[in-house]
Amino acid sequence: MQLDADIRACQACSLCEKRKQAVPGTGNRNARWMLVGEGPGAEEDRLGEPFVGQAGKLLDNMLAALGLTREADVFIANAVKCRPPHNRTPEADELAACRPYLLRQIELVEPDLLIALGRPAALALLEREINIGAARGKPHSYRDIPVVVTYHPAYLLRNPQDKGKAWEDLCFARRLVPLK
Ligand code: URA
């Protein structure tokens, strides 16, 4: 697909210099839910697929608890498509350089719901800095598409006491746009 080829060839920011490969996205391109993460880590950079490391396992388990799979029910992309060195948070200019790809993915998938996993994803979708704790539990929007903001799975691995809140956020998403 042309968009994925464009992403793989991208040199719009310096993240392209250290990547093994860009990571466009995965899942069902006709999904009604689209999940947006932060950026590829080491495993994703090696394999070319988002959320294949420890955080991805947690994400898959959370989806499974809703009766969903990444292959059938959601499309998963990242706010930046290339791994930031040492897994640092993407800079605002890197998020901005990559945003046109995220927006083209949204145009193609036409989801009924967007889920921002963590602050950089929320910044890319909403174009403003938010605090996850304050922004969760309320519907935001990108154009006319509702955006649910929740914790990033890697944060949840470090802060398991907040897993219950992330579960509440997914239940909130399911109330907004039921899948099954
Ligand atoms: N964290 C992310 O934000 N995205 C991935 O693809 C993997 C880990």
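Each value in this text was obtained by applying a stated rule to the coordinates, not by laboratory testing. For clarity, every value in this text was computed on a predicted model and none was experimentally measured. Glycine also receives a Cβ, built like all others from the backbone with ideal geometry; neighbour counts cover every protein chain displayed.
Check every DSSP H run in the chain and write down those whose alpha carbon atoms cover 15 angstrom or more along the long axis and whose mean Kyte-Doolittle hydropathy is -1.0 or greater.
Membrane-span-like by this rule: 54-65, 92-109, 163-176.
Counting residues in region 79-165 as N, plug N into 2.2 N^0.38 Å and put the Cα Rg over that result.
Taking the Cα Rg and dividing by 2.2 N^0.38 Å, one obtains 1.09.
Taking the Cα centre of region 2-176 as origin, work out the dipole magnitude from +1 charges on Lys and Arg Cβ and -1 charges on Asp and Glu Cβ, in debye rounded to 20. Walk me through the intermediate numbers first.
Values: 24 positive and 23 negative charges, 61 e Å.
In debye, rounded to 20, region 2-176 gives about 300.
Among the GluC sites (Glu not before Pro) in region 79-180, which ones are in a DSSP loop with at most 13 other Cβ atoms within 10 Å of the Cβ? Mind listing them?
127, 129
Enumerate the amide H contacts of residue 38 below 5 Å, restricted to partners 5 or more residues apart or on another chain; note that Pro and chain-start residues carry no placed amide H.
Those lying under 5 Å, H to H, from residue 38 are 79.
For region 2-176, please report how many Lys pairs fall under 22 Å Cα to Cα, leaving out neighbours fewer than 8 apart on the same chain.
Total qualifying Lys-Lys pairs in region 2-176 comes to 8.
Compute the distance in nm between two label points, each set 7 Å from the Cα along the Cα-to-Cβ direction, one at residue 130 and one at residue 177.
Those two pseudo-labels are separated by 1.4 nm.
Compute the label zone of residue 6 within region 102-146: residues whose backbone N is under 18 Å from the point 7 Å along Cα-to-Cβ.
102-111, 125
How fast does region 2-176 diffuse by Stokes-Einstein, in µm²/s, taking the Kirkwood radius from C-alpha pairs at 37 °C and 0.692 mPa s?
Working: Rh = 15.8 Å.
It diffuses with D of about 208 µm²/s by this estimate.
Between 164, 64, 75, whose Cα lies farthest towards the positive end of the dipole of the chain when Lys and Arg beta carbons carry +1 and Asp and Glu beta carbons carry -1, centred on the Cα centre?
164
Considering only the chain, what is the antiparallel percent among its DSSP beta bridges, to the nearest 5?
DSSP beta bridges in the chain are roughly 30 percent antiparallel.
In percent, how large is the relative contact order of region 2-176, given Cα pairs closer than 8 Å and 6 or more residues apart?
For region 2-176, the relative contact order is 24 percent.
With an 8 Å cut-off on Cα pairs and a minimum separation of 6 or more residues, tell me the relative contact order of region 117-180 in percent. Walk me through the intermediate numbers first.
Values: 56 pairs, mean separation 17.2, N = 64.
Answer for region 117-180 is 27 percent.
Give a quick list of trypsin sites (Lys or Arg not before Pro) in region 1-100 that DSSP marks as loop, anything other than H, G, I, E or B, with at most 10 other Cβ atoms within 10 Å.
88
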